[in-house]
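Below is one structure, written out as structure tokens, with a few remarks after it.
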Amino acid sequence: MALNCSTFRRLILGAQTAAEACTKRPVQQTCGRYRLCRWYSGVTHEEKRLEQVGEIMVPGSQRRVLKDVLPFSVFLMDSFGRRHNYLRISLTEKCNLRCQYCMPQEGVTLTPRSQLLTAEELLMLARLFVREGVNKIRLTGGEPLIRPDVLPIIAELRKLEGLQTIAVTTNGMNLTRLLPSLKKAGVDLLNISLDTLAPAKFEFIARRKGFHKVMEGIEKAIEMGYNPVKVNCVVMRGLNEDELIDFVSLTERKPLDVRFIEYMPFDGNRWNFKMMVSYQEMLDFIKQKWPNLEPVPGEETDTAKAFRVPGFRGQLGFITSMSDHFCGSCNRLRITADGNLKVCLFGNSEVSLRDFLRSGATEEELLHIIGAAIGRKKKQHAGMFNISQMKNRPMILIGG
């Protein structure tokens with residue numbers, strides 16, 4: 001439908017101009033098994049596809065390269081050939097914890113409810129992204145499990161043809177009560193945040209009680225057959241770096257994937273380089289206890305460097321966003337609870353898909369806006385010191 005909104009027309013024009021600046025004709029590039037043909041004007045999205053041409057070879061690579069679902073829309077491919085098939089959707093800005101690395105001490109100003117995505121808008125966007133090639137959606141927050149309609153949202157997502165994986169990242173506070181319904185609705189993977197194994201320290205970091213509820217949620221997930229259950233631990237010097245061995249020990253008899261996350265700078269979390277414990281420092285410390293620690297092969301787009309203690313049931317990993325970024329294989333996009341598209345966790349540029357939806361944009365127009373935003377994605381983030389000086393949202397308003 002034609003729109004009368006002059007602002008919308010200018011943005012559409014800007015998106016087309018940005019695309020045409022890259023090329024004014026079809027450009028074919030061969031990448032592994034695929035030949036990419038990028039078109040920017042005068043064609044429909046059905047023509048913006050990848051074509052399989054041969055075998056993929058990755059000499060000397062420890063990671064397997066997965067090129068899974070064809071066809072794949074070039075609207076979701078950036079100028080560096082990265083295919084974005086993983087979408088993280090924040091369901092809410094609210095949370096029942098106040099973790100120091102996520103929420104500023106003074107709290108955050110919540111977006112008015114009328115400006116948050118409705119379930120219908122969220123599902124419409126999810127359908128669009130899945131149709132174009134997204135095969136994994138992760139629901140985040142805030143705390144996603146406090147949204148009242150989380151279960152019907154998951155049930156509707158489960159109906160999307162082509163969506164292979166629905167994951168949830170949660171603080172675990174409501175998990176025991178909701179887990180049977182979550183599994184029935186279609187949740188495939190769980191990530192549970194837990195930064196300490198000491199109840200008193202948990203209360204200090206999270207600024208709330210709840211340690212035993214989280215532990216109960218982890219046990220319930222294991223009992224219900226989730227394997228592995230991923231446990232996310234943000235490591236901060238002076239707070240919990242002394243618990244690395246205890247966390248790894250949890251993987252001896254339990255199907256846990258404990259992921260140690262480098263402390264990252266976001267608005268209001270008072271990030272300090274001295275508090276960041278690097279991947280290499282953590283790895284060296286753990287190897288003092290288990291010198292036979294062995295790497296675990298992963299996929300091209302994995303965020304964690306995975307390891308296992310021989311004979312242990314579970315494994316551990318390191319998310320090294322600060323000391324050894326993995327931007328080159330990034331396949332992730334984010335939609336915030338208020339409907340903004342973020343193509344990079346650490347970038348401060350956003351596009352309001354909510355505003356376009358409410359202005360009556362067609363799916364084709366939305367795709368051009370999404371494609372233009374992804375086309376502007378940078379090769380890598382600015383580095384931890386520059387990021388710490390950049391204006392960005394607090395983590396709770398992005399989606400953990």
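What to note about this one:
- Those residues of segment 234-252 which are open to solvent by 30 Å² or more (accessible area, probe 1.4 Å), part of a helix (DSSP H, G or I) and in contact with a strand residue (DSSP E or B) (Cβ under 9 Å, 6 or more places away or on another chain), in sequence order: E241
- Single residue of segment 104-126 satisfying the filter (out of contact with any helix residue (DSSP H, G or I) (no Cβ under 9 Å at 6 or more places or on another chain) and charged (D, E, K, R)) that is farthest from L91 (Cα to Cα): E106
- Pairs, first part of a loop (DSSP other than H, G, I, E, B) in segment 157-168, second open to solvent by 40 Å² or more (accessible area, probe 1.4 Å) and among the hydrophobic types (A, V, I, L, M, F, W, C), C-beta under 9 Å, six or more apart: G162/V69; Q164/V69
- Residue list for segment 169-189, filter: open to solvent by less than 50 Å² (accessible area, probe 1.4 Å) and assigned to a helix (DSSP H, G or I): L175, T176, L178, L179, L182, A185
- Options D324, D355; residue that is part of a loop (DSSP other than H, G, I, E, B) and either open to solvent by less than 10 Å² (accessible area, probe 1.4 Å) or not basic (K, R) (or both): D324
- Taking segment 93-132 as the range and being modelled with pLDDT of 95 or more and touching a strand residue (DSSP E or B) at 6+ places or on another chain (Cβ under 9 Å) as the test, the residues that pass are L117, L122, L125, A126, F129, V130.
- Test result for P291, open to solvent by 60 Å² or more (accessible area, probe 1.4 Å), over 26 Å from L117 (Cβ atoms), in a loop (DSSP other than H, G, I, E, B) and free of Cβ contacts under 8 Å to residues at least 12 places away in the same chain: yes
- Cβ-Cβ under 9 Å pairs, at least 6 apart or on other chains, segment 93-104 side under 13 Å from D195 (Cβ atoms), far side among the aromatic types (F, W, Y) and surrounded by fewer than 21 Cβ atoms within 10 Å (Cβ to Cβ): Q100/F204; Y101/W271
- Looking only at segment 327-350, and only at residues there that are in contact (Cβ under 8 Å) with a residue 40 or more places away in the chain and of a type in the set (S, T, Y), the one that is surrounded by the most Cβ atoms within 10 Å (Cβ to Cβ): T336
- Test: residue in segment 386-400 that is closer than 16 Å to E132 by Cβ and modelled with pLDDT under 95: no
- Among (1) touching a residue at least 40 places away in the same chain (Cβ under 8 Å); (2) closer than 20 Å to R354 by Cβ; (3) surrounded by fewer than 20 Cβ atoms within 10 Å (Cβ to Cβ), the one test that I146 misses: (2)
- Leading residue by the ranking (least open to solvent (accessible area, probe 1.4 Å)) among those in segment 209-233 that are in contact (Cβ under 8 Å) with a residue 60 or more places away in the chain and under 20 Å from F312 (Cα atoms): N232
- Neighbours by Cβ (under 6 Å, 6+ apart or cross-chain): first from segment 302-317, farther than 13 Å from P228 by Cα and in contact (Cβ under 8 Å) with a residue 60 or more places away in the chain; second among the aromatic types (F, W, Y) and open to solvent by 20 Å² or more (accessible area, probe 1.4 Å): V309/W290
- Within segment 190-202, at least one residue is crowded, with 18+ Cβ neighbours inside 10 Å and farther than 24 Å from P104 by Cβ.
- Residue list for segment 351-365, filter: touching a strand residue (DSSP E or B) at 6+ places or on another chain (Cβ under 8 Å) and touching a residue at least 24 places away in the same chain (Cβ under 8 Å): L353, R354
The values are calculated or read from the model by the stated rules, or taken from the named source; none is laboratory data. Here the structure is a predicted model, which is why all the values come from computation and not from measurement. Cβ atoms come from the backbone with ideal geometry, glycine included; neighbour counts cover every protein chain shown. Accessible surface areas use protein heavy atoms only, side chains included; no ligands, DNA or RNA. Shrake-Rupley method; radii C 1.70, N 1.55, O 1.52, S 1.80 Å.
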